[in-house]
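Colleague: For reference, the structure I am asking about is given below.
The values are calculated or read from the model by the stated rules, or taken from the named source; none is laboratory data. Note that this is a predicted model, so its numbers are computed, not measured. Cβ placement follows ideal geometry from the backbone for every residue including glycine, while neighbour counts extend to all protein chains displayed.
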Amino acid sequence: MQGYKNKQELIEEISKRAKLFIHEFSDIPETDKDKLVDNADRTPAQMIAYQLGWLNLILSWERQERQGITVITPHPDYKWNNLGGLYESFYKR
């Protein structure tokens with residue numbers, strides 16, 4: 001796994017990657033947001049929901065740890081061998 005010299009370098013890398021991700025979807029018309037294209041396993045809307053779902057989940061783990069709560073990963077309602085159900089919950093949300 002790649003390491004970072006300091007917190008600022010990590011923040012800059014996250015920002016750079018976020019901009020690249022956003023750019024990938026900036027020219028997709030609203031009418032195509034649910035269209036599955038060749039060589040992709042998710043629609044644009046699902047991909048964004050997937051990324052936001054994981055982001056929110058990781059942030060919830062952080063909040064729970066700070067409160068002294070034992071974190072159940074990936075989620076109390078899902079096991080690592082049932083991530084499809086977790087992803088469906090991201091898409092619905």
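Colleague: List, please: which pairs have Cβ atoms under 7 Å, are six or more places apart or on different chains, and start with a residue in segment 5-21 that is farther than 15 Å from Met47 by Cα and end with one that is not charged (D, E, K, R)?
Modeller: Pairs that qualify, where the first residue is farther than 15 Å from Met47 by Cα and the partner is not charged (D, E, K, R), are Leu10/Tyr4; Glu13/Tyr4.
Colleague: With a cut-off of at least 2 residues that are among the hydroxyl-bearing types (Ser, Thr, Tyr) and surrounded by 11 or more Cβ atoms within 10 Å (Cβ to Cβ), name the helices (runs of 4 or more DSSP H) lying wholly within the chain. Break it down into steps so the answer makes sense when it comes.
Modeller: Working: elements: 7-25, 44-66, 83-92.
Hits in the chain: 44-66, 83-92.
Colleague: Hey, can you tell me all the residues within segment 37-62 that are farther than 21 Å from Phe25 by Cβ and more than 17 Å from the chain's Cα centre (by Cα)?
Modeller: If the condition is that a residue be farther than 21 Å from Phe25 by Cβ and more than 17 Å from the chain's Cα centre (by Cα), then no residue fits.
Colleague: Pick out the one residue from Gly53, Gly68 that is modelled with pLDDT of 95 or more and either of a type in the set (Ser, Thr, Tyr) or touching a Phe, Trp or Tyr at 6+ places or on another chain (Cβ under 8 Å) (or both). Working first, answer last.
Modeller: Details: Gly68 fails: either of a type in the set (Ser, Thr, Tyr) or touching a Phe, Trp or Tyr at 6+ places or on another chain (Cβ under 8 Å) (or both).
Just one listed residue meets the conditions, Gly53.
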